[in-house]
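The block underneath contains the structure these notes are about, expressed in structure tokens.
The values are calculated or read from the model by the stated rules, or taken from the named source; none is laboratory data. Since the structure is predicted, the reported quantities are computational estimates derived from the model, not experimental observations. No Cβ is skipped: glycine too gets one built from the backbone with ideal geometry, and neighbour counts run over all protein chains shown. Side chains are part of the model used for accessible areas, which takes the heavy atoms of the whole protein and leaves out ligands, DNA and RNA. Shrake-Rupley method; radii C 1.70, N 1.55, O 1.52, S 1.80 Å.
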Amino acid sequence: IEVLAFFPTGSPEGEDFMVLAGNAEAASDKLSVRMLDPVREPMEAQQHGITSSWGTVVLRKGEETRKLESSFGEESLVNALVQLVAGKKHTVCFTTGHQELDIEDSYSPGGMGLAIEKMQGQNYSAEALSLVKEGGVPEDCAILVIGGPQYDLLAAEQEMVAAHVAGGGDVLILLDPAFANAFALDLERYGMLVGDDIILEQNPKYQMAGADASYILLDGESFAPHPLIQLSNAMVLLQGVRSVRAVPGKE
């Protein structure tokens, strides 16, 4: 496995990662580690799709690759190595048929193409899925994504989703305000109350300059501590947010 660490020269994150990767390389003759500056090695950075100026680690085994773009600690490195050795990609299935976000569109605001490219570098593959044609969620779907449907899922499709969840499957649901409200009501069976509403930001600190109150800016202080959310100095911009609460007694 070749480990390519793209960090600016003198980067503390890069130096820390090289200590970690160097220890791993010393413990195994199956690893090869190289440190590269994306500014000084632009051709190699372009070849591997490096876009971050902060740091990116590419792990490569034959044609299989894995990228680390935000966390470079021991756990992230070990997980990436395990996935490469396993030689199996996880499939994320995106529903179609209700004007969901387009997984092949990398240019418009409603496209998921850029996100899909990032996922492919994280050992995932993406597939479009028509529940009606397929008759259910395939077993190889690690995650089912229902991304911004503009129309309600049919009652039969809702039962297919329920069967997937009952079988231990994972689902990520993105619902814009005022759309797919019948489907939103059906989510109560999973312990979620999705409001037929829109959240307006009243705190000037989290309002977007020059925009209306439907735009919400979030920083690291906006989230409860969680391993999946480590924003540090980053900001998240949301527009058109509806409320989601737990069904009382099912928190």
Residues satisfying the stated conditions in the stretch 193-203, i.e. open to solvent by 70 Å² or more (accessible area, probe 1.4 Å) and touching a residue at least 40 places away in the same chain (Cβ under 8 Å): 196, 198
In the stretch 150-170, the residues that are open to solvent by 50 Å² or more (accessible area, probe 1.4 Å) and among the β-branched types (Val, Ile, Thr): 165
Any chance residue 95 is touching an Asp or Glu at 6+ places or on another chain (Cβ under 6 Å), under 26 Å from residue 139 (Cα atoms) and in contact (Cβ under 8 Å) with a residue 40 or more places away in the chain: no
Subset of the stretch 204-213 (residues that are open to solvent by less than 70 Å² (accessible area, probe 1.4 Å) and not hydrophobic (A, V, I, L, M, F, W, C)): 206
Residue check for residue 35: open to solvent by 30 Å² or more (accessible area, probe 1.4 Å), touching a strand residue (DSSP E or B) at 6+ places or on another chain (Cβ under 8 Å) and assigned to a strand (DSSP E or B): yes
Candidate set: the stretch 41-77, residues that are touching a helix residue (DSSP H, G or I) at 6+ places or on another chain (Cβ under 7 Å) and not in a loop (DSSP other than H, G, I, E, B); chosen: the one surrounded by the fewest Cβ atoms within 10 Å (Cβ to Cβ): 74
Some residue of the stretch 6-27 being in a strand (DSSP E or B) and β-branched (Val, Ile, Thr): no
Of all residues in the stretch 214-224 being of a type outside the set (A, V, I, L, M) and more than 30 Å from residue 157 (Cβ to Cβ), the one that is surrounded by the fewest Cβ atoms within 10 Å (Cβ to Cβ): 221
Close pairs from the stretch 37-52: first farther than 21 Å from residue 119 by Cβ, partner surrounded by fewer than 16 Cβ atoms within 10 Å (Cβ to Cβ) and at pLDDT 90 or above, Cβ under 7 Å, at least 6 apart: 37/8; 37/9; 39/8
Meets criteria (open to solvent by 20 Å² or more (accessible area, probe 1.4 Å), modelled with pLDDT of 95 or more and either within 23 Å of residue 222 (Cα to Cα) or in a loop (DSSP other than H, G, I, E, B) (or both)) for residue 185: no
Test for residue 100: is it among the acidic types (Asp, Glu) and closer than 30 Å to residue 135 by Cβ: yes
Subset of the stretch 78-104 [modelled with pLDDT of 90 or more and either under 20 Å from residue 59 (Cβ atoms) or open to solvent by less than 70 Å² (accessible area, probe 1.4 Å) (or both)]: 91, 92, 93, 94, 95, 96, 98, 100, 101, 103
Test for residue 118: is it of a type in the set (D, E, K, R) and either open to solvent by less than 60 Å² (accessible area, probe 1.4 Å) or in contact (Cβ under 8 Å) with a residue 40 or more places away in the chain (or both): yes
Residue ID - farthest from residue 49 (Cα to Cα), chosen from residues in the stretch 121-149 that are surrounded by fewer than 19 Cβ atoms within 10 Å (Cβ to Cβ) and among the β-branched types (Val, Ile, Thr): 132
Pick from the stretch 88-127, criterion in a loop (DSSP other than H, G, I, E, B) and aliphatic (A, V, I, L, M), ranking: nearest to residue 183 (Cα to Cα): 101
Unique residue being in contact with a strand residue (DSSP E or B) (Cβ under 7 Å, 6 or more places away or on another chain), free of Cβ contacts under 8 Å to residues at least 24 places away in the same chain and not β-branched (Val, Ile, Thr) when the list is 170, 102: 102
